[in-house]
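Take a look at the structure below.
The numbers here are math on the coordinates, done by the rules we state, and not lab data. In this text, all values refer to a predicted model and were calculated from it rather than measured experimentally. No Cβ is skipped: glycine too gets one built from the backbone with ideal geometry, and neighbour counts run over all protein chains shown.
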Number of protein chains: 2
Amino acid sequence: MTIEAFERTLELAVLLREEMERRLAADGLTPARAQVLRELGGRGPLQQRELAATLEVSARNITGLVDGLAATGFVTREPHPDDRRATLVTLTARGTAAVRAMADGRAEAAAALFAGLAPQRLAAYTADLDVLLGNLRKA
Amino acid sequence: MTIEAFERTLELAVLLREEMERRLAADGLTPARAQVLRELGGRGPLQQRELAATLEVSARNITGLVDGLAATGFVTREPHPDDRRATLVTLTARGTAAVRAMADGRAEAAAALFAGLAPQRLAAYTADLDVLLGNLRKA
DNA sequence: TATTGTTATACTCTATAACTATA
DNA sequence: TATAGTTATAGAGTATAACAATA
């Protein structure tokens with residue numbers, strides 16, 4: 001019964017997304033803006049051009065996301081030292097704290113999600129996901 | 001390593017959502033509009049009020065979704081026989097065909113997703129998801 | 001008075017196209 | 001000429017609040 005498993009997988013995806021959005025909203029963030037912060041947290045200051053390429057999104061869209069993050073104090077636009085056309089999107093102290101809080105929240109959510117699943121089952125589940133991810137990437 | 005399993009689960013959720021959206025877009029539908037069609041397909045004509053309650057979304061939002069579906073020929077607004085305030089959102093022939101196509105597409109996507117997973121693994125995976133769903137609903 | 005659905009307004013995410021400043 | 005980012009414009013999903021028609 002692949003349909004049964006499929007429906008359940010979709011439901012998990014929906015609930016998980018809602019849960020993550022709730023957590024972000026509590027920090028004053030949206031999913032798209034949070035993704036920008038995560039990139040900056042992992043790679044340091046980035047040009048908008050680089051953010052657009054990484055998130056696979058239009059340059060216009062990045063302008064809006066950075067506008068929002070700047071207005072709420074998570075990032076600043078700094079001049080690029082070598083290219084006066086470019087800006088370097090840079091985390092503020094608040095932005096850095098948010099990145100850390102998101103990572104902590106993720107670990108906490110992970111522990112809560114898999115609570116009560118025996119280590120063997122967890123390992124089997126992870127291996128199964130690899131198969132599914134492989135199938136999805138082929139399609 | 002719950003984090004590992006968690007990240008993989010999130011990635012599956014994202015890829016699955018993208019895949020489903022691609023399929024819907026090919027039929028000229030968006031996820032929110034498709035959800036309206038699915039409800040109508042399963043339950044017959046519904047008042048907008050009922051759709052709002054089912055999708056857990058504002059009445060204003062339903063107005064917009066039904067506007068879009070009506071403009072693209074998937075549904076019509078029929079007068080409610082007993083209540084002149086209400087409208088009955090009703091599938092057209094095109095809407096009915098889209099519901100059927102979506103169900104077929106879902107079965108096909110399910111088969112493709114779980115290809116290569118032995119029946120025992122599939123059953124174990126489904127059981128594991130039950131645990132995860134239970135944990136999520138508690139939170 | 002309460003309910004159904006609309007108009008008014010607003011915010012977020014997304015896109016393409018035209019434009020400015022700089023390379 | 002090409003690139004970085006903006007303004008202009010548009011569509012989709014979401015929300016609250018005010019309002020008209022009807023119960």
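All told, B:ARG77 meets the bar of being assigned to a strand (DSSP E or B) and either buried (at least 16 other Cβ atoms within 10 Å of the Cβ) or without any contact (Cβ under 8 Å) to a residue 24 or more places away in the chain (or both). Residue count for region A:41-56 under the criterion of being within 13 Å of DNA strand C (Cβ to nearest atom) and either touching a Cys at 6+ places or on another chain (Cβ under 9 Å) or in contact (Cβ under 8 Å) with a residue 24 or more places away in the chain (or both): the result is 4.
Among A:GLY68, A:GLY105, which is more than 14 Å from DNA strand C (Cβ to nearest atom), in contact (Cβ under 8 Å) with a residue 24 or more places away in the chain and in contact with a helix residue (DSSP H, G or I) (Cβ under 8 Å, 6 or more places away or on another chain)?
Numbers: A:GLY68 fails: more than 14 Å from DNA strand C (Cβ to nearest atom).
Selected residue: A:GLY105, the only one of A:GLY68, A:GLY105 that is more than 14 Å from DNA strand C (Cβ to nearest atom), in contact (Cβ under 8 Å) with a residue 24 or more places away in the chain and in contact with a helix residue (DSSP H, G or I) (Cβ under 8 Å, 6 or more places away or on another chain).
Within region A:1-36, how many residues turn out to be hydroxyl-bearing (Ser, Thr, Tyr) and more than 7 Å from chain B (Cβ to nearest Cβ)? Please lay out each step first, then the result.
Step one: list which residues in region A:1-36 are hydroxyl-bearing (Ser, Thr, Tyr), which gives A:2, A:9, A:30.
With more than 7 Å from chain B (Cβ to nearest Cβ) added as a condition, the list becomes A:30.
Qualifying residue count, region A:1-36: 1.
When you check B:ALA112 against the structure, is it surrounded by 11 or more Cβ atoms within 10 Å (Cβ to Cβ) and farther than 19 Å from B:GLY42 by Cα, yes or no? Yes; evaluated as a whole, the condition is true for this residue. Residues that are part of a helix (DSSP H, G or I), more than 14 Å from chain B (Cβ to nearest Cβ) and more than 12 Å from DNA strand D (Cβ to nearest atom) were ranked within region A:37-70; the one that is surrounded by the fewest Cβ atoms within 10 Å (Cβ to Cβ) is A:ARG43. Filtering region B:113-139 to residues that are within 18 Å of A:ALA127 (Cα to Cα), touching an Asp or Glu at 6+ places or on another chain (Cβ under 9 Å) and assigned to a helix (DSSP H, G or I) leaves B:LEU113, B:ARG121, B:LEU122, B:ALA124, B:TYR125, B:THR126, B:ASP128, B:LEU129.
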